[in-house]
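The values are calculated or read from the model by the stated rules, or taken from the named source; none is laboratory data. Predicted, not measured: the structure shown is a model, and the values here were computed from it. Note that we place each Cβ from the backbone using ideal geometry, even for glycine, and neighbour counts take in every protein chain shown. Remember, those area values only see protein heavy atoms, side chains included, never the ligands or the DNA or RNA. Shrake-Rupley method; radii C 1.70, N 1.55, O 1.52, S 1.80 Å.
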Amino acid sequence: MITRLNKALGADSVITGAEIPPRNWVDASGSSPVCPMALVLPRTTEEVAIALVLASEHGQSIVPQGGMTGLVAGATPGERELAISLERMTGVEEIDTVSGTITALAGTPLQVVQEAAEEAGFMLGIDLGARGSCTIGGIVATNAGGNQVLRYGMTRANVRGLEAVLADGRKVSSMNKMMKNNTGYDWTQLLIGSGGTLGIVTRATLALHPRPANVGSALVNVAGTAEALQVLRELGCRLPGGLLVFEAMWREFYDIAVGTMGLDQPLPAQDAVFLLIEAAQGNDSELTEALGSLLEKGSIIDAVIAQSEAERQSFWALRESVYEYDQHFPPAIGFDISIPLDRMIEAVEMLRARVSHVFPDAPWVVFGHLADSNLHVNVMANPSQPDLRNRVEAVIYGVTSDCGGSISAEHGIGRMKAPYLGLTRSTPELDLMAEIKQLFDPDDILSPGRILGSVRGK
């Protein structure tokens, strides 16, 4: 098969052995690195199709790779798997200012697409912390969320059209630009969030949005989770332009940011929930007036309004301080869960009680996109403890299940979460997912073992 790949694609597009870069051995999940049997680097959709035809003929399992920023071992190769990286398929192909769309190849980094949109006077509705390295294909494959879901939705809400290659090498294309195209089954939505198990996305057309002319930013502290949810609802009614961002950082997170990491402390550290809020404003005073009213009512304890871009960035530095934890703590075991808002108060208290009981000496934090029901939990326990990951997963997913939540809010399933899918999906749902996989990939060569696998918690 490798001989045939070399002949069809050229030797510089098929790498084997020690020449395969370590970055293609493991994604950001922290799973054990595995050298793929070969790394294929196509430059076009046609070359992706050729690789899949040959792999299909040989029954060869494949793992698609993008920016390798995933956290669930979806892009980490398995033993004897062929890795297909789309890193050479880059570039923004079109910006349609009339339709309000941008089309890019799958290997294009998100930040490149964002900057192209901004140069054209628009903004992209998708933004992630890994914007400099995550790719459009990976974002589509995982249905990524991020910082702007509250206003613009998950990735699937921003996709207008897709091109992809199926397991047998067939190319399917619906490079639609229209907001309305109600013509039967929408195969593109099946591929969004499929984690590379149904096909390999090769290009995408995404919606563009007008950039808000005036964005107000604030850091607010409230007494607890109940008060944070109250503020969310009240601001939704008081701000005619709408909320753009509503990020929550519970006290454990804020203490580490301003204490251990020494970041600027806009508000005193105390037993509270700290909220990073951004809103589209008709004038400079809308957010200030809304927060002033809430302060008078006693709904919030205090607030700081950003008076400059530098001050706004200092608020974001608090929220994004989690990316520097590896300089201060043992490797974090991180979680991306969803909790129904009406169970959020209960869930946070359960997390505090159970994590502290099982790992009394471990630093840990809870934070996330509260308005989207999305919590992130990081536990930095001593890695020498036996069976550590399984014990931490039992605690966090136990709370998730008890509160009727989801084991994955925005990072997908991959290999790491596949055993727990039964906590979130019913047996009929799992059966239907298996039937869809069988239809698209009857020989199970695309990303085997990801999403669908042995299911615990049934």
**Request:** Scan the range 22-34 for residues that are open to solvent by less than 50 Å² (accessible area, probe 1.4 Å) and at pLDDT 95 or above and jot them down.
**Result:** 24, 26, 27, 34
**Message:** Considering only residues that are in a helix (DSSP H, G or I) and hydrophobic (A, V, I, L, M, F, W, C), which ones fall in the range 52-88?
**Reply:** 52, 53, 54, 55
**Asked** open to solvent by less than 20 Å² (accessible area, probe 1.4 Å) and touching a residue at least 24 places away in the same chain (Cβ under 8 Å), is that true of residue 142?
**Response** no
**Prompt:** Filtering the range 89-106 down to residues that are in a loop (DSSP other than H, G, I, E, B) and within 15 Å of residue 207 (Cα to Cα), which residue is most open to solvent (accessible area, probe 1.4 Å)?
**Reply:** 98
**Request:** Could you give me the residue pairs with C-beta distances under 7 Å whose first residue belongs to the range 437-458 and is farther than 19 Å from residue 80 by Cα and in a helix (DSSP H, G or I), whose second residue is open to solvent by 40 Å² or more (accessible area, probe 1.4 Å) and modelled with pLDDT under 95 wherever it lies, and which are 6+ apart or on separate chains?
**Result:** 437/452
**Message:** Looking at the range 369-394 only, could you name the residues that are closer than 17 Å to residue 351 by Cα, open to solvent by 20 Å² or more (accessible area, probe 1.4 Å) and among the small types (Gly, Ala, Ser)?
**Reply:** 373, 394
**Message:** Cβ-Cβ under 8 Å, sequence separation 6+ or interchain: first residue in the range 17-28 and without any contact (Cβ under 8 Å) to a residue 40 or more places away in the chain, partner part of a helix (DSSP H, G or I). Which pairs?
**Reply:** none
**Prompt:** Do the conditions hold for residue 201, that is, is it touching a strand residue (DSSP E or B) at 6+ places or on another chain (Cβ under 7 Å) and in a strand (DSSP E or B)?
**Reply:** yes
**Asked** Name the pairs whose Cβ atoms lie under 7 Å apart, with the first residue in the range 275-295 and free of Cβ contacts under 8 Å to residues at least 24 places away in the same chain and over 13 Å from residue 312 (Cβ atoms), the second open to solvent by 10 Å² or more (accessible area, probe 1.4 Å) and not in a helix (DSSP H, G or I), and 6 or more positions between them or separate chains?
**Response** 295/303
**Prompt:** Does the range 406-423 include one or more residues that are open to solvent by less than 20 Å² (accessible area, probe 1.4 Å), modelled with pLDDT of 95 or more and under 22 Å from residue 253 (Cα atoms)?
**Reply:** yes
**Asked** Is it the case that residue 255 is open to solvent by 20 Å² or more (accessible area, probe 1.4 Å) and within 27 Å of the chain's Cα centre (by Cα)?
**Response** yes
**Asked** Quick one: is residue 439 more than 30 Å from residue 246 (Cα to Cα) and either touching a His at 6+ places or on another chain (Cβ under 7 Å) or at pLDDT 95 or above (or both)?
**Response** yes
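Might you check whether a residue that is under 18 Å from the mean Cα position of the chain (by Cα) and open to solvent by 50 Å² or more (accessible area, probe 1.4 Å) occurs anywhere in the range 107-123? Give the steps one after another, and end with the answer.
First, pick out the residues of the range 107-123 that are under 18 Å from the mean Cα position of the chain (by Cα): 107-114.
Applying the additional criterion that residues be open to solvent by 50 Å² or more (accessible area, probe 1.4 Å) yields 111-112.
Within the range 107-123, one or more residues are under 18 Å from the mean Cα position of the chain (by Cα) and open to solvent by 50 Å² or more (accessible area, probe 1.4 Å).
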**Item:** Elements of type strands (runs of 3 or more DSSP E) contained in the range 278-368, each with 3 or more residues being buried (at least 20 other Cβ atoms within 10 Å of the Cβ) and hydrophobic (A, V, I, L, M, F, W, C)
**Value:** 333-338, 364-368
**Item:** Number of the exception - residue 194 against (1) open to solvent by less than 30 Å² (accessible area, probe 1.4 Å); (2) small (Gly, Ala, Ser); (3) outside any strand (DSSP E or B); (4) closer than 30 Å to residue 356 by Cα
**Value:** (4)
